[in-house]
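See structure below.
The values are calculated or read from the model by the stated rules, or taken from the named source; none is laboratory data. Remember, predicted model here, so these are calculated numbers, not experimental data. Reconstructed Cβ throughout: ideal geometry from the backbone, glycine too, with neighbour counts over all protein chains shown.
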Amino acid sequence: MDAHEGPVAQGARMVSHTIQAMPDAIPKPHFPEAVGYAFLGAYALLILATLITFVMSRVRPQRNYDELRLRIKTWWIIVTLVTLALGFNTYFSIVCIAFVSFLAFKEYLSMIPTRRADHRVLFWAYMAIPAQYVLVGVHWYGVFIIFIPVYWFLIMPMRMVLIGETKGFLRAVGTLQFGLMTCVFSLSHAAYLLVLPPEGNPNGGGVALLFYLVFLTQLNDVAQYVWGKMFGRHKVTPTVSPNKTIEGLMGGVATTTFLAFVLAPWLTPLNHVQALAVGVLIGFGGFIGDVTISAIKRDMGIKDTGSFLPGHGGILDRLDSLTFTAPMFFHVVYFLYY
């Protein structure tokens, strides 16, 4: 090692040598170049947010920044886990998304009242999760796209009828099917992006498309929150989510559309007009997904779907927007390029 090297250069060299020395049997993170730079950008944003929070706590010590710090800390964990989930094997990534679907569906069922008789049906509901993601893994699009909306839609009530409990039957069927559609079917579209033919997107393949979708969806949530806090005056859904404002919605959509336009040439095959349209789609779609889950929580009389993510609530609180944007984005890209 060169004695004249600075500590940063020495550290970088040591990390490089360590990775190269790892046995070939140990998988190493690997991304398409564009996705690697995109992840670096995400970490840069987290570093910036951490520094801003630190400075604000020093400039205005009288204000409480504990919740903001907790949210940023959780974002560090989320981004790190996403990096690991997407940085190895495609099938490992699919399993990770399937596990997230399982957690979201489990969380959904924990806040939805179910009949005692339904407990014998839940096994079949949970079995839809591995089945749906196996269809993703084998690239069987024709069955993937109808398995839950058609076949499980028919199987679930059939199994419930055989139990013989008719009281609350319609409500039970509807809540279970909505949960499967939201937490499993919708989210599985994000996983299917990973197995799309790579030639459809020369700019990083399916991993780049998935990063583009998730990054814009989550940033849309943050942007709508920030714009609403700064300029929000007029309620957009006062009875469902009183904190949502028209100013926050429009500011978030504008921010998301701008970033969709900027990032599209690096991560997607979309042209400029398509990227602008997709940005608007994700902006408004994310908002609808958010307030839809908010309507369910308000109906159930709860604030969060869970407490799995400190500062954010539950898994479903963080994925509510993605349950709408994932199928919308997938089908636009699939129609245009596959």
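Taking segment 237-251 as the region of interest, how many residues are in contact with a strand residue (DSSP E or B) (Cβ under 8 Å, 6 or more places away or on another chain) and surrounded by fewer than 20 Cβ atoms within 10 Å (Cβ to Cβ)? Please lay out each step first, then the result.
First, pick out the residues of segment 237-251 that are in contact with a strand residue (DSSP E or B) (Cβ under 8 Å, 6 or more places away or on another chain): 242, 244-246.
Still in the running and surrounded by fewer than 20 Cβ atoms within 10 Å (Cβ to Cβ): 242, 246.
Total satisfying the criteria: 2.
Would you pick out the residues in segment 55-84 that are touching a helix residue (DSSP H, G or I) at 6+ places or on another chain (Cβ under 9 Å), assigned to a helix (DSSP H, G or I) and more than 17 Å from I315 (Cα to Cα)?
Correct list: M56, S57, L68, R69, T83, L84.
Which of the following residues is of a type in the set (A, V, I, L, M, F, W, C), in a helix (DSSP H, G or I), farther than 25 Å from A85 by Cα and free of Cβ contacts under 8 Å to residues at least 40 places away in the same chain: V134, V143, V222? Walk me through it before giving the result.
Values: V134 fails: farther than 25 Å from A85 by Cα; V222 fails: farther than 25 Å from A85 by Cα.
Checking each option against the conditions leaves just V143.
When both residues are 6+ apart or on different chains and their Cβ atoms are under 7 Å apart, which pairs have a first residue that lies in segment 37-66 and is surrounded by 12 or more Cβ atoms within 10 Å (Cβ to Cβ), and a second that is not in a helix (DSSP H, G or I)?
F39/F31; T53/Y65; M56/Y65; S57/Y65
Could you say which residue among L48, L103 is more than 17 Å from the chain's Cα centre (by Cα) and either basic (K, R) or at pLDDT 85 or above (or both)?
From the options L48, L103, the qualifying one is L48.
On the basis of being assigned to a helix (DSSP H, G or I), touching a residue at least 12 places away in the same chain (Cβ under 8 Å) and within 12 Å of L219 (Cβ to Cβ), does L249 make the cut?
Details: assigned to a helix (DSSP H, G or I): yes; touching a residue at least 12 places away in the same chain (Cβ under 8 Å): yes; within 12 Å of L219 (Cβ to Cβ): no.
In short, no.
Residues D299, D320, D290: which one is surrounded by fewer than 20 Cβ atoms within 10 Å (Cβ to Cβ) and on the phi < 0 side of the Ramachandran plot?
Values: D320 fails: surrounded by fewer than 20 Cβ atoms within 10 Å (Cβ to Cβ); D290 fails: surrounded by fewer than 20 Cβ atoms within 10 Å (Cβ to Cβ).
Just a single option satisfies the conditions, and that option is D299.
Which of the residues belonging to segment 196-219 are part of a helix (DSSP H, G or I) and either among the charged types (D, E, K, R) or more than 19 Å from W75 (Cα to Cα) (or both)? Don't jump to the end; show me each part of the working.
Applying the first criterion (part of a helix (DSSP H, G or I)) to segment 196-219 yields 198-200, 205-219.
Of everything in segment 196-219, those that are part of a helix (DSSP H, G or I) and either among the charged types (D, E, K, R) or more than 19 Å from W75 (Cα to Cα) (or both) turn out to be P198, E199, G200, G205, G206, V207, A208, L209.
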